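One structure below.
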Amino acid sequence: MLGLNKHDAMLFVIVLILTLLAPFLLNPFPQGSSLAQFNAGYPDLMQRFVIYGIFAIGFNILFGLTGYLSFGHAAFLGMGSYAAVWIFKLLTYNVVPAILLSVIVAGLFALVIGYISLRRSGIYFSILTLAFAQMSFALAYSVLSNPKFNLTNGETGLQVYSNDPQWLHRASLPDMPHLFGLSVRSTYTLRMNGWTFDFNSGYYICAAIMILMFYLSIRIFRSPFGMMLRAIKSNQQRLNYTGLNSRPYTLAAFVISGMYAGLAGGLLAAMDPLAGAERMQWTASGEVVLMTILGGAGTLIGPVLGAGFIKYFENIFSKINDNVLHQWFAFLPDGMEDLMVTIVHPFIGKGWNLTLGLLFMIVVIFLPGGLVEGGQRVGRVFRRRDRKASGAEAEAARQRRTPAE
Amino acid sequence: MSKNDLTRRGVLKTGAVAGAGLAVPTIFTAGSARAFTNEPTGSNVVLGFNVPQTGPYADEGMDELRAQELAVQHLNGEGDGGCLATFSSKALDGTGILGKKVTFVTGDTQTKSDAARAAAKSMIEKDGAIMINGGSSSGVAVAVQGLCQEAGIIFMAGLTHSNDTTGKDRKKNGFRHFFNAYMSAAALAPVLEKAYGTDRRAYHLTADYTWGWTQQESIAASTEAMGWETVENVLTPLAATDFSSYIAPVLNSGADVLVLNHYGGNMVNSLTQAVQFGLRDKQVNGKNFEIVVPLYSELMAAGAGANVAGVYGSMNYNWQLDNEGSKAFVKSFGEKYGRPPSNSAQTCYAQVLLYADAVARAGSFDPCAVAEALEGFQFDGLGNGPTLYRAEDHQCFKDVLVMKGKEAPANEFDLLEIVDVTPVAQVEYPADHPMFGGAEATLGECNPGA
C-alpha cells in the first residue's frame, strides 16, 4: 500500500488509527473520578503530542540515520514559530501561508548552519550546532527585540496585536488562526455518561500533517537516499575512501530535519499565536534529543512515542499537588496518609523533572533501544512462532530474546 | 528505486482514507452553546494558580502558592478569615463564591512564556478553571494575559513590574494589582533627592530584556527630571552571573551612583559583587558612592544578605506595614506557615479576594460582568491602604513603599525597613502616558469566550 512494504504499512496504519482516535484513547477515565487527573485528552496537550512528534520524527532523520547529533535543533523550531507569527501579524490568520513560510525559513537557516557545522563531525559538530542555537536564542531574547528594531519582542514573546496590519484579514473570518475559516480552537465535546471527549479542529490539522510527515519519513528511511545516510552512520571514512562525497547527503538530511523542526514550530504558533525565545534555548534542543533516545533512535515510531512520553510528564505530573495526593490516600489512616504524601511528594508537582529523569535512566540502562525495544521484547515473549518453536528455531528464538550487544 | 504498484483498488482505498482524513476537521465545527468559557455548573468553582515552581523564581512561586491556598481557605470560611474581616467590601461571607465551594488547580510556569501558556491552557481546557492568577515575571504575565483574553477568562496578574503589562499590552480580561516600573521611579526620586542631592551622576546596569528596559527608562526619566545626569546605560545579558567586568568600568566613568536595574538572581549577584568591589566605600566627585536597586523583594534581600545595608529600593507591599488589613493578613499567614508573607504573596492573596469579591458583587462568573465590577473599584483593607482599580488600563493605584536595607537586621525576615510611604497622588500618570503605549494602547473588547 502506498509503496510501503507489509511491515511498514502496518506500522503506518497503527499510527493513523492511534492519532485519529486519540481523543478517545487519551481520556480513558470518566470526568470527576479521582483518576481523571491522568487524562491527557484535552486539545492543547493532544496538539503538543503530535507537534513534538513531528519535531522528533525530523530530528530522527538526522540523528537516527546519519548519527550526527545536533544540539541546536530547537533554533529551527523557534525560527519557524517567529516566521508563522509574522505572517499572522502582517498577512492573515490563515495557517497555510504561515506554515509554508515557517518551513522555508527554517530550511534556509538549516542550509546555512548545516553548511558550516557539517565541516566537522562528532562532538565538534554537536558543539557547533549548540553554539548556533544559543546564538539564535540570545539574538531573539534581547538583540533583535530592542525598541528600535523589534523582530522578536524578546522575553514577552512575539504576539499578534489588534492594531497589526493583517492585510488579507476579513471581518468574516475568526480572530484566531484558522484553516480557511475553520478556527483551530473550535472543539466539539462529546459527552457520554461521565466521559467527555474533545474533538478539536486544530488537533486534527496537526494530526493530518503528522501522518503525512510520518509517511514521508518512512519513505526516506526506505529510499536509496536513506540507505546512503545509514552508510554514513556505520562508517563515514570508508564511504569517503570509496570515492563518494558524503557531505551533500548529510547536508540534505540536516536541511530536511531542519524543515521538519520549522514545520513543528509553525504549527505550534498556529495552535497558539505566540512565539517565545525559550523555544530556542538549549534545554529545548536537549529535549528533542531525549525524546528520540527515549523512544528509540533510528526507529520509525520511537521518536513519536518519546515525544508523547515527555510531554505527558511535563503537563500531567507537574500538575499533581499535595491536595490531589491527600485525596488519593484519603482511604488510609491519618498518619499513614501523611507518610504516603511525604514519600510521593518529591516526585510530583515541581518534581516532575526528577520522575522523568529516573525513568529516562531506567530506559537507557535496561532498554538501550528505547521504548520501541521494550515493545519488541514484550512482543517476542508472546510471539506464537517462538513459543512453539523446536530445535534450531528455539535457539533462534532464545537469541532473539536476549538483547544484542 | 521506489515501487510503483498503482492498482485501481489501491487508488480507491487511498482516496477514501485521504477523503475521510480531510472531512474529519469539518465535522467538528459546532462550538458548545454555553454563554461563557467554563461556566461553573456544579457545586464547585475552579481557580487556576499558575506560578513558577521550578526555575529562577521558584521561591517566589512557592510563596505565591502559600498565599493563594490561604485565600481559598478564607473564601471557604476555613481558618480565621484573614482580610475578609478588614476588606471594605462586604460581599464575601466565607461560603465560597456565590455559594459555590472554591477549589483550585496549580500549574508550573517555569518562568517561560511557552510553558506558562501551556500550563494555563491545560488548566482552562482540562480542569475548567474560570480565573488564572499568579506568575513572577512580566514576560509570563503578558503572555498568559493574552491567552486568557483569547480564551475568554479573567487573568489576575501576580508579580509583574514591567510597564507593558498594563501599558501597551493591556487587555480587557487582565488585571494588575502589583505596581510598575514607572511608579517605582516616581516614588524613589524624591527620596533619592533628599538623601543624595540633585547633583549626581548615575551609571545604569540594566538586565537586557523588556522589564529591564522599562525600568531603566522610568528611573532615568525621573532622576533626570530632578537634575541627575545619566552617564551610561550598560545592558547585561539576563543569564549573566559574573558582573565584575561590568562593574570595573563604573569607577572610571566619573559616576557617583550605580543603579542596578536587575531582579532575582541577577540582582543578588550584581549587588554582592558591587559591594565586594568596595564601591560603597569610595569617594567620587567629593561624595560617597551610592547604589540603588529600584525593585526590591524580600527573597532577593535574603539572597544578598548584609550587602543590602543602606541600599534604597521600592516595594509594592511589606509585612511591616501597619494597617488593619496588613496586620490581619500577616497574622493569618504567619500562623499557617510560620513566616511573614513576601510582597508577591500579598499581591496574589489580594488578587484572589478581589476576583471573588467582584464575582459576588456582579452576581455572575461571566468575565464581562466581573471586569465591569472591577473597573473603577475602590477598596481598602487588603494591606495596601486605599486602592483604586483604574478602569482605563486595569492598573491598581495605591501608595508605594520606599525601602532601605537595614544596617543591623534582627533576623532573616528583617532585612529591609520602610523609609517612606509615597502617597498615591505622587505616582499617578495618565492612562495614555508614552511609556505605557501612548494613545494607541487600548484594552480592546471584553471576551467571554465560548
Fill in: Restricting the range A:173-205 to residues that are in a loop (DSSP other than H, G, I, E, B) and more than 25 Å from the chain's Cα centre (by Cα), the residue that is farthest from the other protein chains (Cβ to nearest Cβ)
A:193
Discussion item. So, restricting to strands (runs of 3 or more DSSP E) that lie completely within the range B:342-450, which ones have at least 3 residues that are surrounded by 18 or more Cβ atoms within 10 Å (Cβ to Cβ)?
Written reply: B:400-405, B:416-422
Practice prompt. Test residue B:160 against the stated conditions and say whether it is within 23 Å of residue B:444 (Cβ to Cβ), within 11 Å of chain A (Cβ to nearest Cβ) and touching a strand residue (DSSP E or B) at 6+ places or on another chain (Cβ under 6 Å).
Written response: no
Discussion item. Just the residues that are within 12 Å of residue A:214 (Cα to Cα) and either surrounded by 12 or more Cβ atoms within 10 Å (Cβ to Cβ) or over 19 Å from the mean Cα position of the chain (by Cα) (or both), please, taken from the range A:5-16.
Written reply: A:8, A:9, A:11, A:12, A:13, A:15, A:16
Response to the item:
(1) surrounded by 15 or more Cβ atoms within 10 Å (Cβ to Cβ); (2) in contact with an Asp or Glu (Cβ under 8 Å, 6 or more places away or on another chain); (3) modelled with pLDDT under 85 all hold for residue A:176 apart from (3)
Worksheet, complete the sentence: When restricted to B:226, B:267, the only residue hydrophobic (A, V, I, L, M, F, W, C) and within 15 Å of residue B:295 (Cβ to Cβ) is B:267
Worksheet item: Here are some conditions: (1) farther than 28 Å from residue A:203 by Cα; (2) away from every other protein chain (no Cβ under 14 Å). Residue A:99 meets all but one. Which one does it not meet?
Response: (1)
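Conditions (1) at pLDDT 95 or above; (2) in contact with a strand residue (DSSP E or B) (Cβ under 7 Å, 6 or more places away or on another chain); (3) surrounded by fewer than 24 Cβ atoms within 10 Å (Cβ to Cβ), marked per residue:
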| position | (1), (2), (3) |
| --- | --- |
| A:81 | yes, yes, no |
| A:94 | no, yes, yes |
| A:100 | yes, no, yes |
| A:108 | yes, no, yes |
| A:119 | no, no, yes |
Practice prompt. Could you tell me which residue of the range A:128-172 is farthest from the other protein chains (Cβ to nearest Cβ), considering only residues that are of a type in the set (Phe, Trp, Tyr) and not in a helix (DSSP H, G or I)?
Written response: A:167
Worksheet entry | Matching residues, the range B:118-137, being closer than 24 Å to residue B:215 by Cβ and at the interface with another protein chain (Cβ under 7 Å from one of its Cβ atoms) | none
Practice prompt. Mind telling me which of the residues B:206, B:214, B:230, B:198 ends up being outside any helix (DSSP H, G or I), of a type outside the set (Gly, Ala, Ser) and more than 19 Å from residue B:285 (Cβ to Cβ)?
Written response: B:206
Worksheet item: Scanning the range A:316-359 for residues that are in contact (Cβ under 8 Å) with a residue 60 or more places away in the chain and either over 28 Å from the mean Cα position of the chain (by Cα) or in a loop (DSSP other than H, G, I, E, B) (or both), which turns out farthest from the other protein chains (Cβ to nearest Cβ)?
Response: A:328
Worksheet entry | Filtered residue count, the range B:205-217, keeping only those that are buried (at least 24 other Cβ atoms within 10 Å of the Cβ) and either away from chain A (no Cβ under 14 Å) or touching a residue at least 60 places away in the same chain (Cβ under 8 Å) (or both) | 5
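The values are calculated or read from the model by the stated rules, or taken from the named source; none is laboratory data. All of these numbers come straight from a predicted model, not from anything done at the bench. All Cβ positions, even for glycine, are placed from backbone atoms using ideal geometry, and neighbour counts span all protein chains on display.
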